[in-house]
1. Right, residue 177: within 15 Å of the chain's Cα centre (by Cα), at pLDDT 85 or above and either surrounded by 13 or more Cβ atoms within 10 Å (Cβ to Cβ) or in a loop (DSSP other than H, G, I, E, B) (or both) or not?
2. Hey, could you check region 218-247 for residues that are farther than 30 Å from residue 195 by Cα and of a type in the set (A, V, I, L, M) and say which is surrounded by the most Cβ atoms within 10 Å (Cβ to Cβ)?
3. Please state which one of 49, 54 is farther than 22 Å from residue 241 by Cα, surrounded by 19 or more Cβ atoms within 10 Å (Cβ to Cβ) and aromatic (Phe, Trp, Tyr).
4. Sort out which residues of region 91-111 are surrounded by 14 or more Cβ atoms within 10 Å (Cβ to Cβ) and among the hydrophobic types (A, V, I, L, M, F, W, C), and write them in order of number.
5. With 157, 168 as the choices, which residue is at negative phi and in contact (Cβ under 8 Å) with a residue 60 or more places away in the chain?
6. Which ones in region 185-224 are part of a loop (DSSP other than H, G, I, E, B), at pLDDT below 95 and of a type in the set (Lys, Arg)?
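The values are calculated or read from the model by the stated rules, or taken from the named source; none is laboratory data. None of these values were measured; they are calculated from a predicted model. Methodologically, a virtual Cβ is constructed for each residue, glycine included, from the backbone with ideal geometry; neighbour enumeration extends over all protein chains shown.
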Amino acid sequence: MDTNISSNTLFHFTTEKKYLTSILKNGLFVRYSLENYQNLINNKAEIVFPMTCFCDIPLSHVKNHTKTYGRYAIGLTKEWGMKNKVSPVIYSYPNSETTEILNYAFENIEKFFDIDEKELKNIKLTKTTEKLFEHYNKRDIELSKKINSVHNNLSNFIRYIKPYEGKFYRDDNYLKNKVKFYDEREWRFTPTRDFLFKNGIKDSYTKENYIDKTKRRALNIKLAKHVKLVFEPKDIRFIIVEKDDEIPEMINQLEMIFGNKATSNELKLLSTRLISMEQILEDL
């Protein structure tokens, strides 16, 4: 019998029932997260940027995952995820071909922006060279725009790079031991830099703005006004609560949340997709 190493469902785990209920009511809000790229990408040790994360681990293998991320979850179809541009991350490690390519690309693009103003002031231009500069300035502006666009896209791409293993910031501290992130089979959604800039939101922050809970909350509230992932009842494959005795209450919650959005048959089907982590850990 074949054993699946990935699931057809994208799971988003959370630590409390109230958070799961909020997701069912409001959708998945994008939150700022601290990512550590130490020894992976040049000059980018710690970056805080917005994301929503999922995993595609089969339920029979989620035990270790729940120890970190909680025993409540919503499972959504991969079709829904792909439609919303949720993408699997690329795992890498220091000195790998992936990181060398990225570092090379960034280093060479940034050279286009390195202008020594003192050298420019010392250049004496003849009338002929001034005319030539005027002629090429328009072309240089277009080239600069293209270079800037490539730089933006590379910056977006970095958000989908994850260390194979590394330091993990959780509950306001880095864990003592390294975490093998590769085991998480992460999929991720992150809004583009262009989208954020158009809405007056910075694309990234330093660690100091993240570890301060008041600042982090303010940033997340501002972000929530502009972007979240929404879904329909048909997109839901699983709703996971921690214990069996929480299922009846959750059925009532589903009726209140989706009563005006779903038919009677859809609600019945949705209730069959409720399962407890107790059942999963005991029987799967």
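1. On the way: within 15 Å of the chain's Cα centre (by Cα): no; at pLDDT 85 or above: yes; either surrounded by 13 or more Cβ atoms within 10 Å (Cβ to Cβ) or in a loop (DSSP other than H, G, I, E, B) (or both): yes.
No, not satisfied.
2. Looking only at region 218-247, we keep the residues that are farther than 30 Å from residue 195 by Cα, and these are 238-247.
Subsequent filtering for residues that are of a type in the set (A, V, I, L, M) retains 239-241, 247.
Values: 239: 22, 240: 26, 241: 22, 247: 16.
Ranking the qualifying residues of region 218-247, first place goes to 240.
3. Details: 54 fails: farther than 22 Å from residue 241 by Cα.
None of the others qualify; the one that does is 49.
4. Listed by number, the residues that qualify are 102, 105, 106, 109.
5. Working: 157 fails: in contact (Cβ under 8 Å) with a residue 60 or more places away in the chain.
Among 157, 168, only 168 is at negative phi and in contact (Cβ under 8 Å) with a residue 60 or more places away in the chain.
6. Selection gives 202 alone.
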